[in-house]
1. So if I check each of P145, P108, P137, which one is open to solvent by less than 10 Å² (accessible area, probe 1.4 Å) and assigned to a loop (DSSP other than H, G, I, E, B)?
2. Which pairs do you get when a residue that is over 11 Å from P265 (Cα atoms) and free of Cβ contacts under 8 Å to residues at least 40 places away in the same chain, found in segment 282-301, comes within reach of a residue that is open to solvent by less than 70 Å² (accessible area, probe 1.4 Å) and part of a helix (DSSP H, G or I), reach meaning Cβ atoms under 9 angstrom, with the pair 6+ apart or on two chains?
3. Please go through segment 147-187 and give me each residue that is modelled with pLDDT under 95 and of a type in the set (D, E), ordered by number.
4. If I filter segment 163-175 for residues that are of a type in the set (G, A, S) and open to solvent by less than 30 Å² (accessible area, probe 1.4 Å), do I get at least one hit?
5. I'd like the full set of residues that are of a type outside the set (V, I, T) and under 13 Å from P28 (Cβ atoms), limited to segment 99-110.
6. Name the residues in segment 58-70 that are surrounded by 12 or more Cβ atoms within 10 Å (Cβ to Cβ) and either touching an Asp or Glu at 6+ places or on another chain (Cβ under 9 Å) or farther than 15 Å from L90 by Cα (or both), would you?
7. Starting from segment 207-230, keep only residues that are within 18 Å of R119 (Cα to Cα) and buried (at least 17 other Cβ atoms within 10 Å of the Cβ), then list their pairs with residues that are of a type outside the set (K, R) and at pLDDT below 90 whose Cβ atoms are within a distance under 7 Å, requiring at least 6 positions of separation or different chains.
8. Answer yes or no: is there a residue in segment 182-199 that is touching a residue at least 24 places away in the same chain (Cβ under 8 Å), outside any helix (DSSP H, G or I), more than 30 Å from Y329 (Cβ to Cβ) and touching a strand residue (DSSP E or B) at 6+ places or on another chain (Cβ under 6 Å).
Amino acid sequence: MAFFFYFKEIKIIGLENGFPREPLLYLPNHQNALLDALLIAVSVERKPYFLTRSDVFANPVLRGIFHLLRMLPIYRLRDGRGALRKNQDLFDTCSELLSQGKSIVIFPEGNHNLRRQVRTLSKGFTRILWHTLEEYPRLVIRLVPIGINYACATAFPDRVALFYGSPIEVIPVKTPRASSDFIVANMDKVTAALRQLTTHIDASYSYEEVLKLLDAAGVDYLSPEEVNTLLNSPSNLNIRPKNKVGIKWYHQAFRTGFLLFNLFPVLIWRFLIKKSVPEPEFLSSYRFLFALFIMPCYYLMVFVLVTLSIGSIAALTTTMGLILMNLLYVKNC
């Protein structure tokens, strides 16, 4: 429900590609920090576990939320070689969860980045798979790649589309170099799938130049297949820019009304919370969590103040009108 009030549009395609009682690894691309995990958590019927980089657990405010969301810390080389030893316990936990038919979400790129590009995948998820199959050689595990696509990941209101790809069955490679071949084979399959499920500007192109061309052409980033079709041929990059459309008067009216009637939370966000955002990739996550907690309090405050001033009927009308106006702003701007 909270996402309905935050996003202008949410598209979820391919949810049928999940298996209700079989072990799954969900493997999404990662652009928008915590928001990526929250979108997956609310869109799938199963309650998956999430592997999350360990350093974010240092934030005491977010730590409690992470535990509620079934998030498990995974350690990287940058956390120190001593910390990497803790991953063995994590691998054992993941193997046990998969053997019980649970699902786990791993962001295989290993970090988040706003670039519209599938980055080189980390070997972490393949090592978990290998470890699990060593313990449970007859276990059938499937990989479900997920393409998360934002119209503008730092904007509000924004639009988002999640594409759940076709499941990839994990088959061990039995060769003298079994472990290495297994890792390469599964990383290649997942990389290829993710590059179809989200916009991928290849490293052979000048990223900034191509991005400007795509933005000028007004492409819909919620339709990655169409965008990638443009990118698959160098000749398609000579995109003819569309005429820019100015801001419509009613969009400006909605924006002015939103800022005016929500001045108290807007000021708190801009001058207190926004300044504490550590990275651009966390901007939307902080904004969403801030709105999730502050807006119900703000609506309650408005209701109480109007009740004390005029009466409960006027307060209910005013509060409901404010909620409706904010919703219209999100859905129309």
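The values are calculated or read from the model by the stated rules, or taken from the named source; none is laboratory data. This is a predicted model, so every value here is computed, not measured. Here Cβ is always computed from backbone atoms with ideal geometry, including for glycine, and neighbour counts include all displayed protein chains. Areas reflect the complete protein model, heavy atoms only, side chains present, ligands, DNA and RNA absent. Shrake-Rupley method; radii C 1.70, N 1.55, O 1.52, S 1.80 Å.
1. P108
2. Y286/A33; Y286/L34; Y286/W269; Y286/I273; Y286/S276; L300/T319
3. Once the filter is applied, which keeps residues that are modelled with pLDDT under 95 and of a type in the set (D, E), segment 147-187 yields E169, D181.
4. Checked segment 163-175: at least one residue is of a type in the set (G, A, S) and open to solvent by less than 30 Å² (accessible area, probe 1.4 Å).
5. Of everything in segment 99-110, those that are of a type outside the set (V, I, T) and under 13 Å from P28 (Cβ atoms) turn out to be S103, F107, P108, E109, G110.
6. Result: N59, L62, R63, I65, F66, L69.
7. From segment 207-230, the pairs are V210/L237.
8. Checked segment 182-199: no residue is touching a residue at least 24 places away in the same chain (Cβ under 8 Å), outside any helix (DSSP H, G or I), more than 30 Å from Y329 (Cβ to Cβ) and touching a strand residue (DSSP E or B) at 6+ places or on another chain (Cβ under 6 Å).
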